[in-house]
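The values are calculated or read from the model by the stated rules, or taken from the named source; none is laboratory data. These figures come from a predicted structure and were not determined experimentally. Here the Cβ positions follow ideal geometry from the backbone for every residue, glycine too, while neighbour counts run over all protein chains shown. These accessible areas exclude ligands, DNA and RNA; they are computed on the full protein's heavy atoms, side chains included. Shrake-Rupley method; radii C 1.70, N 1.55, O 1.52, S 1.80 Å.
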Amino acid sequence: MQYDKTHSTTVILTAALAANRFASYAGAAASATVGGTADAQGVSETEGALGDAISVITGYSAPVEASAAIAKGAFVKPAADGSGRAVTGSATDHCGRALTAAAAAGDLLEVELYRHVHP
């Protein structure tokens, strides 16, 4: 999968996190609705365990694992299950936009990263 990583940051994990998941400012999987430090800061490049330092992509685009089918061009946000996987969002609730499609859960799609927005 091709993606355009222009920026990243190092995050110390406060919980285990798989690769290609929305990561929060708090160091865990990003939340769908909580806000604050639970919002998506970016996307994990690698997996990590509690206390690990991992790279989180914060600029332009990154591959994200889908929690369900997602259409190209759809707004995306973290899934409500706390996994950090992507689901379809809305114009008022999102943290990115799908640059490619995902046919089913488990597929990787390229996501253009935006600032996390809630209604």
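Brief remarks on what is shown
- Computed on segment 41-119, with alpha-carbon pairs under 8 angstrom and 6+ residues apart, the relative contact order is 31 percent.
- Packing around the peptides 75-81, 20-26, 55-61, 104-110, taken as the average count of other Cβ atoms within 10 Å per residue, puts them in this order, highest first: 20-26, 75-81, 55-61, 104-110.
- Net length gained if the chain between Val34 and Asp93 were fully extended (0.36 nm per residue, minus Cα distance): 20.1 nm
- Using heavy atoms of the protein chains and a probe of 1.4 Å, the accessible area assigned to Tyr3 is about 90 Å².
- Reported label for calculated Rg and Dmax of the Cα atoms in Å given (1) 15.0, 48; (2) 17.0, 48; (3) 12.3, 35: (3)
- At R0 = 22 Å, FRET efficiency that the Cβ-Cβ distance of Glu47 and Ile12 yields, to 0.05: 0.95
- Share, in percent, of DSSP beta bridges within segment 5-112 that are antiparallel, nearest 5: 95 percent
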